[in-house]
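Read-outs: derived from the displayed coordinates by stated rules, not from any lab. Since the model is a prediction, treat every value here as computed from it, not as a measurement. All Cβ positions, even for glycine, are placed from backbone atoms using ideal geometry, and neighbour counts span all protein chains on display.
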Amino acid sequence: MAHKVATAKDRETTPPAAASCCARPSPIIAPTRVPLPAAPAGTIPRPASPVPWSRWALGAIVLIAWAALYASLAPIARAFTYDLLRLTPGTPPASAVEFFAFEAPKVLLLLTLIVFAVGVVRSFFTPERTRQILAGTHESVGNVLAALLGVVTPFCSCSAVPLFIGFVTTGVPLGVTFSFLVAAPMINEVALVLLFGLFGWKVAAVYLGTGLAIAMTSGWVIGRLGMERRCTR
């Protein structure tokens, strides 16, 4: 009995020598990755972008709604003037109100349409695209094309000057580049629509034709002077 008690006491007082410095650390087991199930063969992932035909359908619906609203402006103006306000037909106040009720929405609708159309056209005419179009054309054809591109491209007088320098350094003829430089800030599509809505197509055509004529003539004159060597020095 005494032997058993002494043995238990020795166990309590004796430190575990093998557990402090000589014990081997337990190995670290890396977690295993479970592979994801593969997609069945023959399946094609669907793109996240919307279907292209839906955009065309939406654009067609908006265009039809715009045309219907534009065609109904005159009846709406007459109903607003004579039925709602009860003005006497033929009097100056009635004519003024009818003119304003018809022309103000008309100009707003035309501006909305032309800004949207020009925005779509401008997305296809980057500076690099314009330079490629003008670089491989003949001088006479290039003057006309440069003047027309100056109308639709989104370059004002501030951005047209760096483009002018870039076109000349890349080999575009100086006369062609000058036609583009003149037409870009001179002919404004918003002003063209305002003139068409307020004064008719004749005034708008005079504005457009005069600007194109000045741009093409100035480009032809600059091309005849042969100033490319002075510009490249």
| Single unsatisfied condition, GLY223 versus (1) of a type in the set (Gly, Ala, Ser); (2) within 30 Å of LEU111 (Cβ to Cβ); (3) buried (at least 17 other Cβ atoms within 10 Å of the Cβ) | (2)
| message | Which of the numbered conditions does LEU181 fail, given that it passes all the others? Conditions: (1) assigned to a helix (DSSP H, G or I); (2) more than 24 Å from the chain's Cα centre (by Cα). | response | (2)
